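Okay, handing you the structure first.
The values are calculated or read from the model by the stated rules, or taken from the named source; none is laboratory data. Since we're looking at a predicted model, the values are computed, not measured. With ideal geometry, Cβ positions are generated from the backbone for all residues, glycine too; neighbour counts draw on all protein chains shown.
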Amino acid sequence: MHVPDGFLDAPTSVATGVVAAGVVGASLVRASRRELDERTAPLAGLVAVFVFAAQMVNFPVGAGTSGHLLGAALAAVLVGPATATLCLTVVLAVQAFLFADGGVTALGTNVLLMGVVGVWVGYGVARAVLSVLPRRLPSIPVAGAVGAAVSVPVAALAFTGLYAVGGAAPIPLGSLATAMVGWHLLIGLGEAAITFLAVSSIVAARPDLVHVARGRMPALELRTPEVVA
C-alpha cells in the first residue's frame, strides 16, 4: 500500500501530510501520558521492528502501487493506538528515506493511510469486538484478528478515496479500486491470521502487557505470571 511520488497531486499530498502531522503530534502527547511506561516501551520497539520486517515484503497490486501486511491493528492492540501510530510513522519514514519504499513526498499520505486509518480503525474494531465477547483472555486474539481483517481493506478504500480526489496517475478509478480493495481483502485475511497468532503468544506469556485488555479483563487474569524457581 506504499504510495509512490507523483501518484497523487501536490494539493492532496500536502493536505494528507498536514493531517498526518497533526495526528502524529497528538499521538506523541497521548502515548507519553497514557500508554508508554518502563514495561511497554520495549514492547513498542519490538512491534516497530516486526512491522518494519513485515512491510518490507511487497508485491504489486496496480500500476505503481504495492500490497503488503500493515501490522497496524497488531501494533494498536499490543501497545495502544497512539504508540502504534508513532511506530508506523517511524517505520514508514525509514522505508521512504533509506529504502525508497514509498515516496518521500507521499510520506504524509502513507502515514495517514497506514499509521492513522489502519491503526485507529483496527483498534476501534478490536475494542468493539472485545466489548461483546466474554471477558476472558482468549477473546483478545479474536478481537485483534477481526480488527486486522477490517483495517486493511478500509485503508485501501481510503486510498481509493484520496485517488478519486487528487489522483495524478493515468489509471481508471474503477480499475484501481477493484485491484486495491480486492487484493487487500485477501491481505486482510492473512493479516488476521498473523495477528491472531502473535497476540495469542503474547497473551499466553504476558497478558498484562496487552494494551487493549487493560480494564476489560478480570484483574486475576492480567497478573504478571510468577516465575517458579
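Looking only at the range 6-42, count how many residues are in a helix (DSSP H, G or I) and closer than 27 Å to residue 166 by Cβ.
Of the residues in the range 6-42, the ones in a helix (DSSP H, G or I) are 10-35, 40-42.
Going one step further and asking which of them are closer than 27 Å to residue 166 by Cβ, we end up with 10-27.
The qualifying residues number 18.
Something else now. Among the listed residues 104, 146, identify the single one that is within 25 Å of residue 217 (Cα to Cα) and not charged (D, E, K, R).
The unique qualifying residue is 146.
Can you find a residue that is of a type in the set (S, T, N, Q), at pLDDT below 95 and assigned to a helix (DSSP H, G or I) anywhere in the range 60-67? If you could, list the steps in order and put the result at the bottom.
Taking the range 60-67 and keeping what is of a type in the set (S, T, N, Q), we get 65-66.
Add one more test, that the residue is at pLDDT below 95, and what stays is 65-66.
Next cut, assigned to a helix (DSSP H, G or I) only: none.
Checking the range 60-67: not a single residue is of a type in the set (S, T, N, Q), at pLDDT below 95 and assigned to a helix (DSSP H, G or I).
With the requirement that a residue be over 17 Å from residue 13 (Cα atoms) and either polar (S, T, N, Q) or not in a helix (DSSP H, G or I) (or both), what does the range 84-99 give you?
Of everything in the range 84-99, those that are over 17 Å from residue 13 (Cα atoms) and either polar (S, T, N, Q) or not in a helix (DSSP H, G or I) (or both) turn out to be 85, 95.
Determine if the range 135-152 includes at least one residue that is out of contact with any helix residue (DSSP H, G or I) (no Cβ under 7 Å at 6 or more places or on another chain), modelled with pLDDT of 95 or more and not aliphatic (A, V, I, L, M).
There is no residue in the range 135-152 that is out of contact with any helix residue (DSSP H, G or I) (no Cβ under 7 Å at 6 or more places or on another chain), modelled with pLDDT of 95 or more and not aliphatic (A, V, I, L, M).
Here are 20, 48, 44: which of them is surrounded by 13 or more Cβ atoms within 10 Å (Cβ to Cβ), in contact with a Leu (Cβ under 6 Å, 6 or more places away or on another chain) and in contact (Cβ under 8 Å) with a residue 24 or more places away in the chain?
Values: 48 fails: in contact with a Leu (Cβ under 6 Å, 6 or more places away or on another chain); 44 fails: in contact with a Leu (Cβ under 6 Å, 6 or more places away or on another chain).
Result: 20 is the single residue among 20, 48, 44 that is surrounded by 13 or more Cβ atoms within 10 Å (Cβ to Cβ), in contact with a Leu (Cβ under 6 Å, 6 or more places away or on another chain) and in contact (Cβ under 8 Å) with a residue 24 or more places away in the chain.
Something else about it: Here is a check on your reading of the model: is residue 143 more than 30 Å from residue 5 (Cα to Cα) and either in contact (Cβ under 8 Å) with a residue 40 or more places away in the chain or surrounded by fewer than 16 Cβ atoms within 10 Å (Cβ to Cβ) (or both)?
Working: more than 30 Å from residue 5 (Cα to Cα): yes; either in contact (Cβ under 8 Å) with a residue 40 or more places away in the chain or surrounded by fewer than 16 Cβ atoms within 10 Å (Cβ to Cβ) (or both): yes.
Spelling it out, residue 143 is indeed more than 30 Å from residue 5 (Cα to Cα) and either in contact (Cβ under 8 Å) with a residue 40 or more places away in the chain or surrounded by fewer than 16 Cβ atoms within 10 Å (Cβ to Cβ) (or both).
How many residues does the range 102-132 hold that are surrounded by fewer than 19 Cβ atoms within 10 Å (Cβ to Cβ) and not β-branched (Val, Ile, Thr)?
Here the count works out to 4.
Continuing with this model, one more query. Kindly evaluate residue 121 against the criterion of being farther than 23 Å from residue 103 by Cα and free of Cβ contacts under 8 Å to residues at least 60 places away in the same chain.
yes
Report every pair of residues separated by at least 6 positions or lying on different chains whose Cβ atoms are under 8 Å apart, first residue within the range 72-87 and at negative phi, second polar (S, T, N, Q) and modelled with pLDDT of 95 or more.
Close Cβ pairs (under 8 Å, with a partner that is polar (S, T, N, Q) and modelled with pLDDT of 95 or more) amount to 72/151; 73/151; 75/83; 81/27; 82/27; 83/27; 85/27; 86/27.
Any residue in the range 117-124 that is assigned to a helix (DSSP H, G or I), at pLDDT below 95 and over 17 Å from residue 26 (Cα atoms)?
Our first condition is that a residue be assigned to a helix (DSSP H, G or I); within the range 117-124, this holds for 117-124.
Those still in the list that are at pLDDT below 95 too: none.
Checked against the condition, which is being assigned to a helix (DSSP H, G or I), at pLDDT below 95 and over 17 Å from residue 26 (Cα atoms), the range 117-124 yields no hits at all.
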